[in-house]
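First comes the structure, then the notes that go with it.
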Amino acid sequence: MVEKVQEGLFQHPVRNSGFTFIEVLVALAVGSIALLSFYGVLMSVLGAGERTGGSLERDLEAGMFLDRLSGEVNSAYFSPEEPRTAFSGKTRAGASALEFTSYSAEPQREGAPSTDLMAIGYFAKHEDGGLTLYRETWNPHIGERFVSEALSGIEAFELSYSNGTAWANAWEASLEKKLPLAVRARVVLRDGREFTALSRTMIR
């Protein structure tokens, strides 16, 4: 007698529509990884944009500082016969420092002698792990000085002076009896980027 095999004995059961619990967990894990990856990329892009914006701002500040310094050096004036004129460049506190007289369009204080000659100085101080440049001005007939911040957060400030044949890191017009022919300025920002400017003294 042959037994009839029951149909469907080895058939797989038909699954209802939908996802199993394991599949849901796997999908959530994959989605979380993708979301975290996207968030990381987004933050990197936004951070790069902020750094770029900050770099551009620092570039502008450094450029404006060097442009102002160059213009003042162009108008520098010294005469051995006039004791109130000067041009003295030296190293102080590990950075260049400069004091000189220049013909400037800056307004004079009330009560000061009528003159276009202005004394200008630049010096650096170590602050917040870097250098901060300061600019000071005064009327050479009076001597009272006014100090303002010129550029902050820099790594180095260097000035060198040319006599026409060689460069030196110091210049004393009272000894040389004249101005340098040119002044080269170098500013290094905290991120290592460098900016330079070359200016010539125009008044002889």
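The values are calculated or read from the model by the stated rules, or taken from the named source; none is laboratory data. Here the structure is a predicted model, which is why all the values come from computation and not from measurement. Note: ideal-geometry Cβ built from the backbone for every residue, glycine included; neighbour counts use all protein chains shown.
Summed over the stretch 155-176, residues that are within 20 Å of the chain's Cα centre (by Cα) and either modelled with pLDDT under 95 or surrounded by fewer than 18 Cβ atoms within 10 Å (Cβ to Cβ) (or both) total 3.
Is it the case that VAL147 is among the β-branched types (Val, Ile, Thr) and closer than 24 Å to ASP116 by Cα? So VAL147 passes the test. Evaluation of VAL187 against the conditions (1) more than 13 Å from LEU69 (Cα to Cα); (2) β-branched (Val, Ile, Thr); (3) at pLDDT 95 or above shows that the sole unmet condition is (1).
All of LEU179, LEU189, LEU131 fail the test of being aliphatic (A, V, I, L, M), touching a residue at least 40 places away in the same chain (Cβ under 8 Å), surrounded by 15 or more Cβ atoms within 10 Å (Cβ to Cβ) and farther than 15 Å from VAL73 by Cβ, apart from LEU189.
Let me confirm something: among ALA112, ALA105, which residue is at pLDDT below 90, assigned to a loop (DSSP other than H, G, I, E, B), of a type in the set (Gly, Ala, Ser) and surrounded by 11 or more Cβ atoms within 10 Å (Cβ to Cβ)?
Values: ALA105 fails: surrounded by 11 or more Cβ atoms within 10 Å (Cβ to Cβ).
Result of the check over ALA112, ALA105: ALA112.
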